[in-house]
Structure formats: structure tokens, C-alpha cells
Amino acid sequence: MIHSLFRRTGLAVPFILAALASTPAHAGKTLDAIKQRGNIQCGVSTGVAGFSLPDSKGVWSGLDVDFCRGIAAAVLGDPNKVNFVPLNPQQRFSALQSGEVDLLARNTTWSLSRDASLGLSFTGVNYYDGQGFLVPKKLKLTSAKQLKNAEICVQSGTTNEKNLADYFRAQNIKIKPVVFEGFEASFKAFFSGRCQAYTTDISGLAGVRNKEAKNPDDYVILPEVISKEPLGPAVRRGDDEWFAIVRWTAFALIEAEEYGITKANVVSLKDSKDPNIGRLLGSTEDSGKLLGLDREWAFRAVKAVGNYGEIFARNVGPDSVLKLPRGLNNLWNKGGILYAPPIR
Amino acid sequence: MVSILGVLLAWLGHNVLDNMRERGIRAGFDFLFDPAGFEIGEGILSYDAAQPLWRAFAMGILNTLRVAIPSIVIATLLGSLIGLGRLSTTPSLRKLCGFCVESLRNIPLLLQLLMWYFALTSLLPDASDAISPLPGVLISKGGLFLPAWSCVGGGCSWNLPHLEGFGIEGGWSLSPEYLAVLTALSLYSAVFIAEIVRGGIQSVSAGQIAAAQALGMRPLQILRHITIPLALRAIVPALTNQFLNLSKNSSLAVAVGYPELVSIANTSINQSGRAFECIVIVMAVYLTLSLITALLMNLYNARVALRGAK
């Protein structure tokens, strides 16, 4: 609760900074600024299980968090040289636009309007998600189409609100959204019975059910997936060098999984005869110089956070409370759609 | 002074637009005519997601007024009663009113709001087992439902709330979000008003009362003709501040999911990405509301103020 007080008062700060800065920003070299500062400012959520969540000691963990750490390892040689900046949905784009963060890794959906009109560029997708519904089991619902006249709890400042309206308009079903500013207030209202359904991305539903419900078995996720939510990191427009580093670090982590390079074997694989592995880890060819980095950039990223599969398993997959299936987020040759262009 | 401020604002505005253009961010208010694309839970106007965004803002402004105006009325009435209660000659009443004031004004409004909201939604039954204290009145987690007198075409009839699907349809409804905001705002402001009323009454000099008594006026006559007119001079300016605070505090309603202006603006910022424009709209609306409130209260103040005095 105290949290939301701070969040409220912080709402306008990055916006005001963005608006009032008296000199227009030039397309500065983000990488130079990061090297000089000695850390990466990474914009994350204010607390979404599996993606970015601080523990009781303030140590952040999650898929997005590991992604930022991987980039810090690649760029600065130390995965801990990241300063995590928690942002609520309304703050996030302003914070990136104003330069408060170098990178936004905040389970943010990539869409045309965001990519084309907010002065930022999405570098790729690090989690393919979709919006769904969580309902109490006692309502005996089997489909979202049965939610006639239902009240549905949703958090404001997300793509979820619009998808919700679109989906039920297309179905010609009347529903009533109850829109909360805070994530916590939104699921608390749902668990208190204020709403018959709760909607957000399915990864979020799993987090809310498994972490926040008194008895997770009392709730079910309905089968409908009503939207495509490709979640990915974004950077400010106008710095192609930094854009390429963020994009290719993500590709390197996926490529590492494809070649079976893990956190545990990355050191021993440095001497591998496989030219693909040699190129990726910098033992034969120097792929880093094209990005303005050194040859071991990808080696350090994998050594710090593991490959994409390991990051997934640890934060949202079988080794986490969320226990989400790989689904679309598997490699292209294993039934998913993760496909990294070749690193050469 | 005003012209310096104007130049400063113009410079800031120009700078903002320049910076936004520089960074490839679209700017302007044309987005208000795009379809809103999101639903709003409650409101006075008819509205759906296909309507333009400005109409969503209108819904938000009306929802702000819908909760702020009744809160002002309730807070003033309740505050006056509590204020008078604190001056009562009955010790138990005096203590009770003192307790209300001290407990309510020392807890942050946001916490009170969340407390009322979660109390309402946790304690009330589901829509399917709604309580019906009177025929046609239903109370559930979905809110308070009352029969409404509706006229369609030529005939008028009572439109009774009834269960349909998962919710209660028909009638006249007040959502738990609305009730929580109304309760929290009214009570929180009432105790501040109580202190203003108490202070105002105590500021009336004992000599005036003694003089009235000497003239043989009865206690109620003294209250009506001497104490209240004199006290109002001290009360009204301070009351204006409370009304202004209350209107602005209604923006906290976003925390419990009441779709008032700030809630709509938050959603719009995210859907359209026009943070700057939406915040400007919110600021302009609160400024206008506050200026209107201040204007009305100043007119009233001029009526109760000492005539001829400046």
C-alpha cells in the first residue's frame, strides 16, 4: 500500500523531466554514456512475478531482469552493473523517452502504435504472451463467452483494457470492467470477489494465481487467448548502435540454447571445434567488434545468466512458482517460434 | 506579473513540442477524436468503446463531479454536526466527536479509501446471493441497486433490479467503488470541516453572547441571530479550502477502480501514448473546477462577510 503511495506521487516525474528538459536531446551514444556511468539503467515493472520482482532484500529477479543482467555482462563485463528502475505502466514510455532509463525491459507489448509514435524502438520479443481470464472454479465456467454481464477486474495502463473491450464487442457480450491503477489492488479486488473474472496476460494470471491466491486450486484460467502479446525490450530511437547491442544480445542467448551452450558448460565449450560455437563465444572469430563490443560479449552474457532456455526455466518455467509451459517460447526446431538470425 | 507567467508558459510549451518532435513523438490534441477503444464501468452518459476519446474524458469529468458534489454536501452537513457536537455540554458526545476527528484526520486518505473499499467488497455477498433489505433493493459485491422510475415511449414504470448472467441488471445502481470513494471523501473532509466549524463558533466573542443574553434572547435565537452569522465570517474562507481539497482528493479514487478523470487519463495515456496532452487536460479540468468552486464560495463569502468592511 505504501508502495502505491510512492507510485502515485512518482507518476508525473519522468514525464515532467521529459517535457521540461531545456535542450533537445541529440541522438547521443547510449553506449558511451553507459560506459562512463559504469552501469545500465534498466526500466522494469514495479513487481510482476517471473518478469521483474524484487525480493525482501531488494534483489531483483525475473526474465526481464536476467535479460538486463545479460546485457550488462556483455557490455560492461559484470552482470551486477545494472540499476533497476521500477516503472508503472503509465511512466514507462516517458522514462525511456526522457533518458531516465537506457532500456525498457518491462513485459511491454510490441505494437504498431507504440513502435511508430512514441519515439522508441522494440528490439525483439523475449516472451510471447497472450491475454486470458482467471475465474473462480466455483462459477463452473468453461469459456469466456459465458461471462455475460460479468464484472472483470483489470489494471489500467495496459493493452489489456483495449483487448477486453475489443473481444467482448466482437462477441456482442456486455461486460463491465473495473479498472485499477495498481496491480495489487486489481487482484486483491478479484480475490475478494468484487469481480467474476480477472484479466491480464496469461503469464501474469499464472503468477497471480500461484503466488497470491489463498488456494490456487480454487481458480482456473479459461482456454480463450484473446490477443497476441509479444513482450519485448525497447530502446530510445536514434541510437542504432545501442539498438543493435540489445537486439543481438537477445539473439545470442537464444542461439546459445540452440547450440546447447549453458551457464555450466560455456567455459569448457570455448575450445569447441564447432565453428558456430566458436563464433558465438568469440574463440575463433570476433563477432563483437561489429557491435562496438569485445569478442567475448556473448560468452560473458551466457556465463552470467545462462541461455534463453535456462532463463525461462528459472523464472517462469518448471523451476519457478509460475510453472508455465514453453509453448510458443520454445526454439523454432522444438515446436516454438524462437528463431535467432545467424550470428556471423 | 501575468504577462511574465504567460511568456514563461509559452516558452515551456514551445520547448516541449520542439523536444517531442525532435524525439519522434507525435504531439497534438487530434487524438481526442479517435475512437477510445476501452470500456468504462460506470457513468451518467451513454458510452461505448467505439465513441471518441473526448467522450471518455467527459465521462471521467462527470464521474469526478458525481462523487465530489455529493461528498461536499455530506461532508458539510456531517462536519457541522460533529463540530457542534464537540462544543456540546454533554461530555460523552463531546468525547465521541473528538474521537472521530482525531482518528479520521490522522490517517492518510488513501489508506481510508482502500480500507472502505476492501471492507465493502469482502463483507458483501456475491450478486447471486444479494441481500434484499426492502423489496426492489439489492445489495451485493456489485454495489447498491435501487428501483428506478423509467419512462420509455409513452408509459412509465418502476424498473426493478434483477439478477441476469453474473451481474444485477436494471434499476439504479451505485458501485462499491463509488460508495467507497463517497464514504472516504465525505468522512475525511467532514472532520476537517468540523474543526473549522468549532473554531468559527469559538471565535465569536463571549461579549457578543453576553450582550444578547442581557437583551433577553433565548439560546436558539442567540445561535441563529448572533453566533452563526458571526461564526460564518470565520468559517467560509476556510471551508472554501476544504471544498477545493475534496475535489482534488477525488483523484485518489483511481486506486480503488472508480473511473474518474485521472483513471480515464491514465488509460488514455497508455492507449494513445500522449502523456503530455492527457496530463494537460487533467490539470486544466482541475484548475477550472477549483476556480469555479472558489468563485462560488467567494460570492457566498461576500454575502456573509461584514458589510462595509474590506
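Rule-based calculations on the coordinates, nothing more; no lab input. Small disclaimer: the values here were computed from a predicted structure and weren't measured. A quick note on method: Cβ atoms are made from the backbone with ideal geometry, for glycine too, and the neighbour counts reach across all protein chains shown.
Structure notes:
- Working from Cα pairs under 8 Å separated by at least six residues, relative contact order for the range B:122-176 is 31 percent.
- With Cα atoms defining each centre, the range B:47-68 and the range B:216-231 are spaced 46 Å apart in the structure.
- Ranked A:E285, A:E257, B:E39, criterion: other C-beta atoms within 10 Å, fewest first: A:E285, A:E257, B:E39
- Compared with the rule-of-thumb size 2.2 N^0.38 Å for a compact globular protein, the range B:158-267 has a Cα radius of gyration ratio of 1.67.
- Partners for A:K270 among aspartates and glutamates (Cα-Cα distance below 20 Å; same-chain residues under 8 apart left out): A:D78, A:E255, A:E257, A:E258, A:E285, A:D286, A:D294, A:E296, A:E310
- Chain B, relative contact order in percent, only Cα pairs under 8 angstrom and at least six apart counted: 20
- Beta bridges assigned by DSSP with both partners in the range A:131-227 are antiparallel in approximately 50 percent of cases.
- Database remark: amide H of A:S61 closer than 5 angstrom to the amide H of A:L53, A:D55 (H placed geometrically; neighbours at sequence offset of 5 or more, or on other chains; Pro and chain starts carry no H).
- Compared with the dominant principal axis of the Cα atoms in chain B, helix B:261-272 is inclined by about 20°.
- Between helix B:176-202 and chain B: long-axis angle, C-alpha atoms, 0 to 90°, nearest 10: 30
- Antiparallel DSSP beta bridges within chain A, percent to nearest 5: 55
- Each of A:T284, A:T249, A:T30 has some number of other Cβ atoms within 10 Å of its Cβ, and from fewest to most they run A:T284, A:T30, A:T249.
- Cα long-axis angle, helix B:228-249 against chain B (0 to 90 degrees, to the nearest 10): 20
- Distant alpha-carbon pairs in the range B:122-176 (separation over 15 angstrom), percent: 44
- Nonlocal Lys pairs with alpha-carbon distance under 18 Å, the range A:131-227 (8 or more apart, or different chains): 20
- Other residues lying with their Cβ under 11 Å from the Cβ of A:G130 contribute a combined charge of -3, Lys and Arg counting +1, Asp and Glu -1.
- Among the cysteines of chain B, those with no neighbouring cysteine Cβ under 4.7 Å are B:C97, B:C100, B:C278.
- Relative contact order of chain A: 20 percent, from C-alpha pairs under 8 Å at least 6 residues apart in sequence.
- Where both bridge residues fall in the protein assembly as shown, DSSP classifies roughly 70% of the beta bridges as antiparallel.
- Whole-angstrom gap from the range A:38-64 to the range B:69-108, using each part's C-alpha centre: 45
- Space enclosed by the convex hull of the alpha-carbon atoms of the protein assembly as shown, per residue, Å³: 204
- Euclidean distance between Cα centres, the range A:216-237 to the range A:131-154, Å: 16
- Label-point gap, in nm, between A:I173 and A:K228 - each point 7 angstrom along Cα→Cβ: 2.3
- Kirkwood's formula applied to the C-alpha pairs of chain B gives a hydrodynamic radius of 22.9 angstrom.
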